[in-house]
Amino acid sequence: YDYSNIIAKEALVLDLSGAIGTAAYAAPTILSFEANIIGKAAHAGFAPEDGINAIKTACEAIARLPQGHIDEVTTANIGIIEGGEGVNIVSPKVRVKGEIRSLNHEMAVKVAKTYKEVFGDATIQNGAKLEWSEQTDIKAYEVSTQEDIVKKYEKACKKADIEPVLIKTFGGSDNNVFCQYGIKGLVVANSMNQVHSTKEYADLYEVQKVVEIIAWMVRE
């Protein structure tokens with residue numbers, strides 16, 4: 001998008017679960033990756049030694065990699081493994097996909113580098129080949145709690161008899177992009193409860209309070 005068309009320098013993004021009044025002033029880099037390991041097919045019964053098992057290679061790499069919480073601001077996850085051609089075939093290829101999140105962009109990049117190196121070492125040791133790709137889906141940001149948008153939001157919450165709560169989130173939103181273009185923003189809780197589940201719901205009272213907060217800020 002051509003951000004020269006936008007004159008606003010502040011934003012409220014309605015895209016957060018949690019109690020009404022909660023607002024996120026920081027969010028992570030989300031870096032996704034894909035490791036394609038190319039081995040060599042062979043008959044698993046007659047000549048397994050002639051093959052290079054891509055699944056075995058991937059498993060050796062994955063077993064060496066940290067997952068879950070890497071530190072207080074960083075997580076990593078392998079979420080998809082696809083491969084194999086048959087139970088009687090030494091697997092010639094496998095695809096591994098995952099993501100890394102961190103409130104520190106440089107840390108996300110560092111973990112991704114480690115992942116690539118570990119997959120690379122495993123393929124070399126097994127005589128396989130690695131095809132690696134990664135992309136930064138969104139980049140981390142942190143808005144100072146002293147910014148005007150934060151002070152306005154806190155005041156608006158109090159006008160609506162809601163207690164403002166400022167947090168850091170591990171979820172991404174449009175605000176990640178806005179911040180890259182000099183637009184200071186908050187991601188605001190907007191009655192998304194039990195989000196991304198079959199029990200997700202919104203509460204009419206909460207929605208009304210969000211509208212009051214937004215309306216007051218627009219008028220202001």
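The values are calculated or read from the model by the stated rules, or taken from the named source; none is laboratory data. All values derive from a computational prediction rather than experimental measurement. FYI the Cβ positions are ideal-geometry reconstructions off the backbone, even for glycines, and counts take in every protein chain you see. The area values use the complete protein model at the heavy-atom level, side chains included, leaving out ligands, DNA and RNA. Shrake-Rupley method; radii C 1.70, N 1.55, O 1.52, S 1.80 Å.
Quick check on K151: is it among the charged types (D, E, K, R), closer than 30 Å to K9 by Cβ, surrounded by fewer than 13 Cβ atoms within 10 Å (Cβ to Cβ) and without any contact (Cβ under 8 Å) to a residue 24 or more places away in the chain? The answer is yes for K151. Output the strands (runs of 3 or more DSSP E) that fall wholly within segment 9-52 and possess 2 or more residues being open to solvent by 20 Å² or more (accessible area, probe 1.4 Å) and more than 27 Å from I167 (Cα to Cα), or say none. Result: 29-38. Scanning segment 114-158 for residues that are among the charged types (D, E, K, R) and either in contact with a Lys or Arg (Cβ under 9 Å, 6 or more places away or on another chain) or closer than 30 Å to G51 by Cβ (or both) turns up K116, E117, D121, K129, E131, E134, E142, E147, D148.
Does L186 count as more than 23 Å from V150 (Cβ to Cβ) and at pLDDT 95 or above? Answer is no for this residue. Entry remark, segment 196-214: residues being more than 29 Å from D2 (Cβ to Cβ) and either assigned to a helix (DSSP H, G or I) or open to solvent by less than 50 Å² (accessible area, probe 1.4 Å) (or both) number 10 in total. The residues in segment 112-132 that are touching a residue at least 40 places away in the same chain (Cβ under 8 Å), on the phi < 0 side of the Ramachandran plot and surrounded by fewer than 22 Cβ atoms within 10 Å (Cβ to Cβ) can be counted, and the count is 10.
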